[in-house]
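Visitor: Right, I'll just put the structure down here and ask away after.
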Amino acid sequence: MPDSQSDFTSKAQQQIAGLKQEAKEKDIQEKAKRMGYPYVNLLHFSVNRDLKDFIPQGKSLQAKAAAFFKSGNKVRLAVLNPDLPATKALITELKLKGYEVSVIICSSESLQNAQKIYFEEQKEVHGETIENVVVEEEVGSAVTELESLEKLHDDIEKFASDQALNAIAVGAYKTRSSDIHFQPQEKDVLVRFRIDGVLRQVFTLKKETYEGLIKQIKYLTHLKLNITNVPQDGQYFFLINERKINVRVSIMPSHYGETIVMRLLDSQKTFEEFEKLGYEGEALKNVLESLRLPHGMILVTGPTGSGKTTTMYSMLQSIDTKAKKVITLEDPIEYDLAGITQSQVNHDVDYNFATGLRAILRQDPNIIMVGEIRDLETAETAAQASLTGHLVISTLHTNSALESISRLVNMGVKNFILAPALDLIIAQRLVRRLCDCAEEKPVSETEKTQIEAAITSAKKKGIEMAVIPTTLKHAKGCDKCGQLGYKGQIAITEVLRFNQKLRDLILEGKPMSEIHAYINENLKMLTLQEDGILKVLKGITTLEEVYRVAA
């Protein structure tokens with residue numbers, strides 16, 4: 001979409017949102033009149049910052065009220081609903097202190113605007129977060145922590161929005177969740193955590209409680225409070241044991257209201273060696289050799305949630321940054337890495353992957369990490385950078401290593417650039433690890449067929465796999481794993497290392513079917529399923545898990 005058209009659409013959306021807010025303010029004004037109270041719109045009111053300490057932040061949020069005028073003992077108090085117990089308690093408290101309180105009705109957006117003006121300075125001082133202390137030794141199993149959070153549910157419904165959000169976020173951290181999902185339904189809001197790649201229901205929230213959470217989340221992420229009909233993205237952080245947990249927030253409209261997904265990212269996370277991630281044999285050898293090259297292009301592919309970022313950060317962490325200059329370009333920066341220059345794209349000022357990559361090349365780096373290749377310009381710039389003495393690491397959204405070649409060709413990358421640039425393509429998925437409670441069961445006929453097919457295919461590639469066992473480990477379930485039978489995740493991978501013959505086929509513009517046939521017949525590359533079955537034979541995971549993520 002041209003910039004002028006985009007600007008026009010944005011302005012139109014803002015005008016529509018403004019008209020909706022005006023209509024809402026009129027409704028609130030009518031409501032105030034019916035209740036016998038005056039009305040105020042604090043969206044267009046010069047709020048006195050000197051009043052920020054008059055009512056403490058927690059009390060203001062809990063009572064859904066803010067003082068916006070004070071002269072002597074006369075106070076004007078903007079409230080959402082004077083009949084709320086917390087609001088009544090605040091009014092009584094002020095009167096007992098000798099103040100003459102004038103109660104005035106306002107909209108939720110109006111009140112939120114006043115509270116933002118009052119408390120943004122305090123939020124900056126305290127890092128926009130509540131400091132949490134978690135005794136790691138006392139953290140129980142996922143099921144225990146989920147049960148604790150479920151018991152806390154009634155309190156969460158009564159908490160102020162900031163306390164409620166913090167309790168849910170800390171609960172997600174303690175259950176090792178990667179994401180928090182808020183899903184509005186007809187009568188309530190479903191809250192789920194993604195644990196080891198699988199969603200688990202925690203509880204449901206009342207719609208009124210969720211409205212408060214939405215406002216709190218938008219406030220922390222500096223998103224527009226009065227925009228509910230278009231997607232918005234932002235981020236904030238909270239502290240646990242003085243560790244910064246970054247939260248990446250995605251909000252989008254749905255049939256029953258705004259749906260929110262929050263991804264938790266531990267800024268001090270340590271990245272494991274490739275063997276612990278799931279790499280072994282020829283695949284591990286190829287990855288380590290490629291990382292030692294002075295130039296070339298390494299791509300990590302897979303869908304969202306397949307561990308691409310973790311693999312790339314593990315690559316960067318394995319590099320000697322004292323001898324080599326490493327620069328990353330990310331959207332957003334998910335983890336902090338020592339000894340590495342990290343840069344974040346900013347679409348508002350046209351600092352995207354393509355323009356950022358060109359700027360990075362002027363910084364004389366040895367190694368460049370680009371968060372994602374999304375378009376032809378970024379793909380060509382990255383490929384050319386790898387041809388001019390740089391090792392480039394990036395991601396691509398494809399389902400397999402083979403599909404990545406097709407994708408780049410279809411994107412428009414010229415064969416004479418692509419062929420010499422590419423050195424390694426990794427495709428990966430995450431499967432759940434079996435818990436220690438796993439039990440042995442006899443191999444079924446279906447399992448035997450699946451394993452035989454993988455062993456036969458691997459042998460054709462010159463790769464020996466174990467013989468078919470008489471029993472296999474299966475998920476059972478215990479308190480330690482939350483009765484799921486699994487705990488933790490490991491990668492299953494396919495790693496394609498380029499040789500000269502493969503480059504020649506691409507240079508000659510051979511059909512993809514011929515290129516794929518050459519790879520399957522001549523290169524020792526286990527597919528995702530074959531690598532997964534290899535891990536099944538070692539008792540690490542199950543066939544069900546392998547086929548769940550790599551069908």
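The values are calculated or read from the model by the stated rules, or taken from the named source; none is laboratory data. Note that the structure is predicted; figures quoted are calculated from it, not measured. Using ideal geometry, Cβ is built from the backbone for each residue, glycine included, and neighbour counts are taken over all protein chains shown. Note: accessible area is taken over every heavy atom of the protein model, side chains too, but ligands, DNA and RNA are not part of it. Shrake-Rupley method; radii C 1.70, N 1.55, O 1.52, S 1.80 Å.
Visitor: For residues that are farther than 17 Å from Lys535 by Cα and either of a type in the set (Lys, Arg) or modelled with pLDDT of 90 or more (or both), tally how many sit in the range 268-301.
Guide: 18
Visitor: Next question, about the same structure. How many residues are touching a Phe, Trp or Tyr at 6+ places or on another chain (Cβ under 7 Å), in contact (Cβ under 8 Å) with a residue 40 or more places away in the chain, buried (at least 19 other Cβ atoms within 10 Å of the Cβ) and part of a strand (DSSP E or B) when one looks only at the range 190-239?
Guide: 1
Visitor: Okay, moving on. Got a sec? Which helices (runs of 4 or more DSSP H) wholly within the range 266-318 have at least 3 residues that are surrounded by 19 or more Cβ atoms within 10 Å (Cβ to Cβ)?
Guide: Once the helices (runs of 4 or more DSSP H) in the range 266-318 are filtered for at least 3 residues that are surrounded by 19 or more Cβ atoms within 10 Å (Cβ to Cβ), what remains is 281-291, 308-317.
Visitor: What tally of residues in the range 390-410 results from selecting those that are over 23 Å from Ala359 (Cα atoms) and assigned to a helix (DSSP H, G or I)?
Guide: Going through the range 390-410 one residue at a time, the tally reaches 9.
This table checks each residue for (1) β-branched (Val, Ile, Thr); (2) in contact with a Ser or Thr (Cβ under 6 Å, 6 or more places away or on another chain); (3) closer than 19 Å to Ser404 by Cα; (4) in contact (Cβ under 8 Å) with a residue 60 or more places away in the chain.
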| position | (1), (2), (3), (4) |
| --- | --- |
| Asp504 | no, no, yes, yes |
| Ser513 | no, no, yes, no |
| His516 | no, no, yes, yes |
| Leu523 | no, no, yes, yes |
| Leu534 | no, no, no, yes |
| Leu537 | no, no, no, yes |
| Thr542 | yes, no, no, yes |
| Val546 | yes, no, no, yes |
| Ala550 | no, no, yes, yes |
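Visitor: Kindly establish whether Lys52 is in contact with a helix residue (DSSP H, G or I) (Cβ under 6 Å, 6 or more places away or on another chain) and at pLDDT below 85.
Guide: On the way: in contact with a helix residue (DSSP H, G or I) (Cβ under 6 Å, 6 or more places away or on another chain): yes; at pLDDT below 85: yes.
Spelling it out, Lys52 is indeed in contact with a helix residue (DSSP H, G or I) (Cβ under 6 Å, 6 or more places away or on another chain) and at pLDDT below 85.
Visitor: Restricting to the range 134-186, and then to whatever is part of a loop (DSSP other than H, G, I, E, B) and at pLDDT 90 or above, can you tell me which residue is most open to solvent (accessible area, probe 1.4 Å)?
Guide: So the residue we want is Glu186.
Visitor: Determine whether Gln483 is on the phi > 0 side of the Ramachandran plot, surrounded by 15 or more Cβ atoms within 10 Å (Cβ to Cβ) and not aromatic (Phe, Trp, Tyr).
Guide: Values: on the phi > 0 side of the Ramachandran plot: yes; surrounded by 15 or more Cβ atoms within 10 Å (Cβ to Cβ): yes; not aromatic (Phe, Trp, Tyr): yes.
Spelling it out, Gln483 is indeed on the phi > 0 side of the Ramachandran plot, surrounded by 15 or more Cβ atoms within 10 Å (Cβ to Cβ) and not aromatic (Phe, Trp, Tyr).
Visitor: Under the condition of being open to solvent by 70 Å² or more (accessible area, probe 1.4 Å) and modelled with pLDDT under 70, which residue from the range 96-129 is farthest from the chain's Cα centre (by Cα)?
Guide: My answer is Glu121.
Visitor: Gln363 - would you say it is open to solvent by 10 Å² or more (accessible area, probe 1.4 Å), in contact with a Pro (Cβ under 6 Å, 6 or more places away or on another chain) and within 18 Å of Leu316 (Cβ to Cβ)?
Guide: Considered against the rule, which asks whether it is open to solvent by 10 Å² or more (accessible area, probe 1.4 Å), in contact with a Pro (Cβ under 6 Å, 6 or more places away or on another chain) and within 18 Å of Leu316 (Cβ to Cβ), Gln363 comes out as no.
Visitor: Which pairs do you get when a residue that is over 20 Å from Asp331 (Cα atoms) and open to solvent by less than 10 Å² (accessible area, probe 1.4 Å), found in the range 382-403, comes within reach of a residue that is part of a helix (DSSP H, G or I) and modelled with pLDDT of 95 or more, reach meaning Cβ atoms under 6 angstrom, with the pair 6+ apart or on two chains?
Guide: From residues that are over 20 Å from Asp331 (Cα atoms) and open to solvent by less than 10 Å² (accessible area, probe 1.4 Å), the pairs are Ser386/Ala421.
Visitor: What's the total number of residues in the range 77-95 that are polar (S, T, N, Q) and open to solvent by 10 Å² or more (accessible area, probe 1.4 Å)?
Guide: 2
Visitor: Name the residues in the range 240-252 that are over 30 Å from Ala338 (Cβ atoms) and loosely packed, with under 15 Cβ neighbours inside 10 Å, would you?
Guide: Result: Met252, single match.
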